[in-house]
Amino acid sequence: MNETEVHDLSDDADYATSIQQSSGMMRRSDSGKRSSSSDLDGAEIVYTKDNVAVHPTQYASERISGRLKLIKQENSLFMTWIPYKGQSSSSRLSEKDKNLYTIRALPFSDVRSIRRHTPTLGWQYVIVVMSSGLAFPPLYFYNGGVREFIATAKQHIVLVRSAEDGNVFLVNDFQNPLQRTLSSLELPMAVSGSNVPCTSLPASELPSNAHQENDVSVGSSERFQQNGRQQQKHHDPTRDLSIQILEKFSLVTRFARETTSQIFRDSDGFSINEGEKLDQSVPDHHPITASNESGKVPVASDPLELDKLSLAWGKPRQPPLGHEEWTTFLDSEGRVMDSQSLRKRIFYGGVEHNMRKEVWTILLGYHAYDSTYAEREYLTTIKKTEYETIKKQWQAKVRTDRSFSFYDGDENPNVYLLRDILLTYSFYNFDLGYCQGMSDLLSPILFVMGDESESFWCFVSLMERLGPNFNRDQSGMHSQLFALSKLVELLDSPLHNYFAQNDCLNYFFCFRWILIQFKREFEYEKTMQLWEVLWTHHPSEHLHLYVCVAILKRHRAKIMGEKMDFDTLLKFINELSDHIDLDATLRDAEALCLHAGENGAASIPPGTPPSLPLEDASIYPQPDDDIL
Amino acid sequence: MASSGNKNINAKLVLLGDVGAGKSSLVLRFVKGQFIEFQESTIGAAFFSQTVALNEATVKFEIWDTAGQERYHSLAPMYYRGAAAAIIVYDITNQTSFDRAKKWVQELQAQGNPNMVMALAGNKSDMLDARQVAAEEAQSYARENSLFFMETSAKTANNVNDLFYEIAKRLPLMQPASNPSGMVLVDRPADKATGASCCS
């Protein structure tokens with residue numbers, strides 16, 4: 001990186017020209033393929049370009065061609081580049097090579113800059129550089145369209161031309177007017193020379209003391225630019241991380257101003273490498289939340305304020321995994337090549353509904369990640385026969401079985417299917433039998449799979465992990481509720497103390513959440529999204545417990561402020577049903593999980609569901625004595 | 001606990017009984033005047049509230065509806081502790097559910113609040129053709145154990161409101177109820193608002 005003076009772009013003639021040019025260009029392209037830039041629910045494809053290629057070797061003939069897309073999801077812009085299936089120009093390039101280069105739902109908040117090359121001879125290409133300093137290989141536009149690509153991106157994110165290199169565009173993912181303002185104020189720093197796209201970017205400067213940050217929010221651009229200029233002389237290793245925090249912060253609109261200043265005021269709390277975990281002493285850095293919803297009782301301040309925590313650790317949600325992208329995870333025979341990256345992808349975006357039937361079988365472990373299309377098809381056939389055999393065991397006698405009488409008489413054929421599968425399961429797993437709550441776990445699976453036998457086997461796979469929830473002695477539930485209490489103690493000790501003082505430490509108010517995995521807390525579609533996220537086991541097999549912590553923390557002020565006792569709390573928690581924001585909760589949960597790190601993992605005893613049972617334990621221990 | 005003050009009484013009431021006996025249906029009929037043929041099973045416990053007006057007082061029931069399956073039996077003490085009243089429900093077309101109801105009575109007699117008002121409800125009284133438990137048998141069992149007994153039908157609404165009304169009348173309104181042992185007392189005003197429920 002060049003240690004150059006910061007350029008004030010507002011009086012840079014070339015910059016001004018480029019703005020004008022690109023806005024003119026935008027208008028032209030507006031009349032073309034872009035149909036709408038209005039906010040829609042879900043993902044919107046705002047740019048598509050075919051024949052965009054990567055050159056894995058020095059020979060252009062060995063290129064991998066694919067389709068480049070810009071996708072807008074809520075307020076975030078994502079880029080994907082997905083190679084075409086089975087169209088390698090060279091036989092030397094395997095599906096694995098293609099997978100290596102695939103760009104899956106890259107959020108622009110993770111992008112530092114885009115460098116464009118428009119040589120007079122040869123193909124135009126761009127190089128995308130991440131905030132981390134890593135760069136993707138050049139993307140060659142065989143059909144042209146680099147200008148349109150940049151212009152389209154510019155419509156959705158803040159993109160400015162670097163003062164040092166007219167072909168480098170710097171990315172700041174700020175959406176709303178306030179953030180735009182902040183963004184433009186901070187431009188001098190964010191812009192400073194990142195004209196070395198292919199190598200790791202060195203740490204540089206951002207102001208990290210409160211005094212200057214307070215100036216930022218005032219909106220005095222001139223003064224701030226001067227500050228920025230001064231800052232530029234210093235070398236502050238926290239800067240790179242600060243930029244990332246700023247980018248993440250940009251996604252949380254309503255806490256814009258105060259959060260910016262607080263983050264920087266507390267910057268020593270965050271100025272660590274991302275690989276490290278904060279230790280428990282960090283929470284004390286945060287100021288006490290002034291406002292208290294109830295206003296009745298002073299509430300102990302949250303040692304770990306979720307908004308800030310999620311800002312720093314929780315990643316934005318992505319659009320769901322669709323068919324085209326799904327195939328990029330598979331080799332030509334249908335094996336998942338990199339299960340970890342697949343699970344991570346699903347964790348952040350879920351799965352499009354029409355893909356669930358295929359993906360869930362693998363996610364649940366019914367089909368192995370490394371199984372081929374043919375193997376899966378074969379297993380499905382075998383398992384269908386096996387299912388019919390188990391089902392025959394009960395078919396003759398069930399008419400007189402009153403234990404299922406509450407299912408009788410409904411005209412809905414799906415209820416019969418549900419009943420048949422659960423009855424068959426009670427014969428498949430005699431020890432566990434049928435339990436209230438199982439139908440909640442089966443019903444979304446049946447809805448997705450449609451097929452009776454396939455639903456059954458997916459349910460079997462799910463119950464391998466969740467079966468202990470239904471242990472007669474409640475041991476599976478106890479171990480999870482115990483782990484939950486440990487996590488709350490770790491992540492919100494005042495709340496934990498409150499529960500202790502009010503005889504609520506058994507956490508039974510979270511019983512329904514855990515027993516049926518929040519099935520009754522969310523609408524159907526949201527439940528399915530949550531489940532596929534939980535099934536990825538990323539970043540923890542026990543993310544559901546962090547989800548519990550996240551929800552409790554969101555309501556801590558009310559719980560403590562209104563001095564809820566056990567009964568009131570149980571009632572309050574039950575009534576939260578349908579009032580929980582899933583995406584925000586998942587972000588909080590991820591942030592809490594990452595923050596807790598090894599201390600969190602150590603709070604959860606080995607073998608706690610949905611971990612697979614320990615080797616030396618019987619599968620479903622059923623001691624006679626009640627623990628309660 | 002039932003507590004009196006300006007003739008407005010809050011009373012915690014818990015429903016216990018075998019799976020499929022109709023606990024949730026009774027509550028739904030009483031609270032919302034509705035009946036669903038295939039009521040989904042209760043997980044953990046559900047909370048409702050409904051007010052009954054007597055001549056001398058208004059009783060607001062805080063109703064805890066519990067999961068019926070034997071498997072979840074061990075959770076029940078959490079729900080019935082501190083309850084002023086309990087309805088033990090069985091299905092008149094299912095002898096097993098009546099046997100189960102007797103076990104609940106025994107447990108409450110041994111573990112519950114000694115001043116608790118207990119009612120025995122033989123539900124599904126509309127299904128006379130399938131009756132397995134004679135009304136006389138249940139009535140004499142109730143008498144022996146000092147229970148208030150009624151046959152009810154959540155489906156037709158027969159006797160449902162009467163059941164809750166009769167329980168309200170039997171609450172020990174004027175005597176301050178003693179606290180069950182082991183209960184943690186929370187320091188808060190006696191007239192604590194419980195009107196946050198969405199059901200009333």
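The values are calculated or read from the model by the stated rules, or taken from the named source; none is laboratory data. Just so it is clear, the structure is predicted and the values come from calculations on it, not from any experiment. Every residue, glycine among them, receives a Cβ derived from its backbone with ideal geometry; neighbour counts consider all protein chains shown. SASA here: full protein model, heavy atoms, side chains in, ligands and nucleic acids out. Shrake-Rupley method; radii C 1.70, N 1.55, O 1.52, S 1.80 Å.
Numerical summary
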read-out	value
Interface A:B - total buried accessible surface [probe 1.4 Å, Å², rounded to 100]	3100
Of the chymotrypsin sites (Phe, Trp or Tyr not before Pro) in the stretch A:419-509, those whose Cβ has at most 10 other Cβ within 10 Å and which sit in DSSP loop	A:430
Number of partner chain Cβ atoms within 10 Å, mean per residue of B:32-44	4
Nearest-10 value in Å² for the accessible area of residue A:372, using the 1.4 Å probe	10
With all protein chains modelled, accessible area of residue A:85 [1.4 Å, Å²]	90
Protein-only accessible surface order, largest first, of A:315, A:154 at 1.4 Å	A:315, A:154
Counting DSSP beta bridges with both ends in the stretch B:7-174, the antiparallel % (nearest 5)	25
Area accessible to solvent at residue A:383, 1.4 Å probe radius, in Å²	40
Derived scalar couplings ³J(HN,Hα) [the stretch B:124-136; Karplus, 6.51 cos²θ - 1.76 cosθ + 1.60; whole Hz; x for Gly, Pro]	6, 5, 6, 9, 4, 4, 9, 4, 10, 10, 6, 4, 5
Around residue B:27: net Lys/Arg minus Asp/Glu count, Cβ-Cβ under 12 Å	+1
Listed peptides B:68-75, B:83-90 by packing density, highest first (mean Cβ within 10 Å)	B:83-90, B:68-75
Ranked order, A:555, A:156 - accessible area, probe 1.4 Å, largest first	A:555, A:156
Violating pairs (Cα-Cα greater than 23 angstrom) within the set A:563/B:12; B:7/B:103; A:315/A:553; A:344/A:553	B:7/B:103; A:344/A:553
Euclidean distance of C-alpha centroids, the stretch A:541-584 and the stretch A:357-395, integer Å	37
Inter-label distance for residue A:579 and residue B:95, nm, one decimal - labels placed 7 Å from Cα along Cα-to-Cβ	4.8
Per-residue mean of C-beta atoms belonging to partner chains within 10 Å, peptide A:565-577	5
Qualifying trypsin sites (Lys or Arg not before Pro) in the stretch A:296-339, DSSP loop, other Cβ atoms within 10 Å at most 14	A:296
Counted charge near residue A:526, where neighbours are those whose Cβ lies closer than 13 Å (Asp, Glu -1; Lys, Arg +1)	-4
Highest-first arrangement of A:68-79, A:520-531, where packing means the average Cβ count within 10 Å	A:68-79, A:520-531
Neighbouring partner chain Cβ atoms per residue of A:508-518, average, 10 Å criterion	3
